[in-house]
Amino acid sequence: MSYLSQEKPLNDVQIDQINTLLDEVSIRQKRDFGNLSSDKKPDGTLITECDRWSDKTIVKALSKITKKEGVLSEEGSQIVPKSLAYWVVDPLDGTTNFSAGIPYWAISMARFVNGQPQTAFLDIPALQKRVFAIKGKGVWVNNKQITSEYRNKSESDCVSLCSRSVRVLQQKPETQFPGKIRLLGVSSLNMISVGLGQTLAALEATPKIWDLASAWLILSELNCSIKWLDQDPAKLVCGENMSAVNFPVLTANTEDYLNKLLPWAEALMEK
């Protein structure tokens, strides 16, 4: 896909409007948490009425805040928009947790320009934590800017796996896995746990573009190491349907630790 976009970054008014939107969606999700039944989508994943409401509310608001910019969303259109700048949204990442009464899920919104995320918002309603990133300018958690030094203070020796990557433990049974396993159940939060110093690394076997959009920019701005194990999300094609496209990824606190885990990730991909 060829980009010639000179789209401007979001201005302060737009950022404030999006934060107000996130406040609205977060309040509704916390109100519905534990009070809704779920349905199964054709791919076997869960969806609730809150997912649907959140998606419609976000898409409608973005069409007013950033006019003429398309939206690619897990619960809406999964086609890469034709607009030069567009949004990638997961209105409720972690529906299984949400439905099971586990207070750990996220709202993910990322604005893409030139094929890559330029601005990212990742809200964790139950923890009252909001992560915000701007390409080239850094990352903020609840309005306080953090740097890579934030994670370097951590003494964590944990590695976050998704439910589909946990089978990596079966690929090298003769070798001890280099870390304590954590399964958080939320793709975006699995990944940013590295940048926030909660884990040393994260391995995601089948994330979709809406799972990783915000985390991608947050990790990049915090100088985490990222290794795409198959397809590169920077090569999205306008008009492509992303419903069945996965972007397996390994991310780590340092390049050395990424290389330590890479044989495990490659073994997982071989199987």
If the Cβ limit is 9 Å and pairs must be 6+ apart or interchain, which residue in the stretch 180-193 that is free of Cβ contacts under 8 Å to residues at least 60 places away in the same chain and assigned by TED's automatic domain parsing to the domain that holds SER163 pairs with which residue that is surrounded by fewer than 20 Cβ atoms within 10 Å (Cβ to Cβ) and in a helix (DSSP H, G or I)? ILE181/VAL166; ILE181/LEU169; LEU183/VAL166
Select from the stretch 135-144 the residues that are touching a Leu at 6+ places or on another chain (Cβ under 8 Å) and part of a strand (DSSP E or B) and write down the one among them that is nearest to ASN223 (Cα to Cα). VAL139
Which one of the conditions (1) surrounded by 17 or more Cβ atoms within 10 Å (Cβ to Cβ); (2) under 26 Å from GLY70 (Cα atoms); (3) modelled with pLDDT of 95 or more does LEU236 fail to meet, given that it meets all the rest? (3)
If we keep just the residues of the stretch 224-237 that are out of contact with any Ser or Thr (no Cβ under 9 Å at 6 or more places or on another chain) and in a loop (DSSP other than H, G, I, E, B), which is farthest from LEU189 (Cα to Cα)? VAL237
Is there any pair with a first residue in the stretch 72-100 that is assigned by TED's automatic domain parsing to the domain that holds ASN114 and surrounded by fewer than 22 Cβ atoms within 10 Å (Cβ to Cβ) and a second that is in a loop (DSSP other than H, G, I, E, B) and of a type in the set (Lys, Arg) whose Cβ atoms are under 7 Å apart and which are 6 or more apart or on different chains, and what are they? SER83/LYS68
Kindly check whether there is at least one residue in the stretch 156-173 that is within 26 Å of PRO103 (Cβ to Cβ), assigned to a loop (DSSP other than H, G, I, E, B), at pLDDT 90 or above and among the hydroxyl-bearing types (Ser, Thr, Tyr). yes
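Residues to consider are LEU219, LEU229, LEU212, LEU262; find the one that is in contact (Cβ under 8 Å) with a residue 40 or more places away in the chain and in contact with a strand residue (DSSP E or B) (Cβ under 8 Å, 6 or more places away or on another chain). Before the answer, list the steps.
On the way: LEU219 fails: in contact (Cβ under 8 Å) with a residue 40 or more places away in the chain; LEU212 fails: in contact (Cβ under 8 Å) with a residue 40 or more places away in the chain; LEU262 fails: in contact (Cβ under 8 Å) with a residue 40 or more places away in the chain.
Sole residue among the options that is in contact (Cβ under 8 Å) with a residue 40 or more places away in the chain and in contact with a strand residue (DSSP E or B) (Cβ under 8 Å, 6 or more places away or on another chain): LEU229.
The values are calculated or read from the model by the stated rules, or taken from the named source; none is laboratory data. Everything numeric here is computed off the predicted structure, so don't read it as measured data. Note that each Cβ is placed from the backbone with ideal geometry, even for glycine, and that neighbours are counted across all protein chains shown.
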